[in-house]
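First up is the structure itself, then whatever we jot down about it.
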Amino acid sequence: MLRFASLSIVLLGACSAYEPSLGAKPFLCGTSDPKCPDGYECKDDGTGVMACIIAGPSPGVDTMPLIDGDNFQCADDSVLEGGTKNDTVATSSATPVASTRSSITFAGLAICPDGDKDTYRIDITQTGQNLVTEVEYDPTANGGVALSVSILNSGGTPIANGSPMAGNKVGVTAPNLPMGSSPFYVQVFGPVMGKNNYKLRLEVTGP
């Protein structure tokens, strides 16, 4: 089975390590011991940033054993999804693409359980930018269920739909986007009765 790398997250902000009800989203480690509150561990978040992450198994992991005779386990993307999940544009996961960097790759993601959708927000910063998206799904897990991807406008309506690429990939590009209509969203999903693990690359180019 194809093994995806650990989930990579860019920390968009920090909060005090001693706030109550911190939840599942990572935050920067303190500079002196204890660097994290009880129940959290100071770890590399995958981008070289040391972050306080919930110790032990993360909450919200979607585990689906014994699918098609295979002990298939969905990747745990609960840190990125957060407590509200990211099934819709209203609860989408913010990304730094366009606003602070031109591209990012997230790995260790999952469309799971059946009917799940993952939605990511991109804030276009210049009129004429092109939004390029590529999804690479696991070709062996759960029978290699192919995933789909669309780019949505600020109202959640698809403006570009993905097409199969070579191998186990699907991609879509929305060209010449107007800054005044930002934000835009990338939404990854599967068939009605299908789930799989994947990694996602987002990039803006131009103008």
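Some notes on this structure:
- Criterion violated by residue 122 - all others in (1) hydrophobic (A, V, I, L, M, F, W, C); (2) surrounded by 19 or more Cβ atoms within 10 Å (Cβ to Cβ); (3) out of contact with any Leu (no Cβ under 7 Å at 6 or more places or on another chain) satisfied: (3)
- Subset of region 89-116 [surrounded by fewer than 16 Cβ atoms within 10 Å (Cβ to Cβ) and assigned to a strand (DSSP E or B)]: 101, 103, 105
- When every residue of region 52-71 is checked against the conditions, at least one turns out to be β-branched (Val, Ile, Thr), assigned to a loop (DSSP other than H, G, I, E, B) and either modelled with pLDDT of 70 or more or out of contact with any Leu (no Cβ under 8 Å at 6 or more places or on another chain) (or both).
- Look at (1) out of contact with any Lys or Arg (no Cβ under 8 Å at 6 or more places or on another chain); (2) within 19 Å of residue 105 (Cβ to Cβ) and you find that residue 135 fails only one, number (1).
- Qualifying residue in region 174-181 (condition: crowded, with 21+ Cβ neighbours inside 10 Å and either among the acidic types (Asp, Glu) or assigned to a loop (DSSP other than H, G, I, E, B) (or both)): no
- Within region 139-167, the set of residues being among the aliphatic types (A, V, I, L, M), surrounded by 13 or more Cβ atoms within 10 Å (Cβ to Cβ) and in a loop (DSSP other than H, G, I, E, B) comprises 145, 146, 147, 165.
The values are calculated or read from the model by the stated rules, or taken from the named source; none is laboratory data. Remember, predicted model here, so these are calculated numbers, not experimental data. Reconstructed Cβ throughout: ideal geometry from the backbone, glycine too, with neighbour counts over all protein chains shown.
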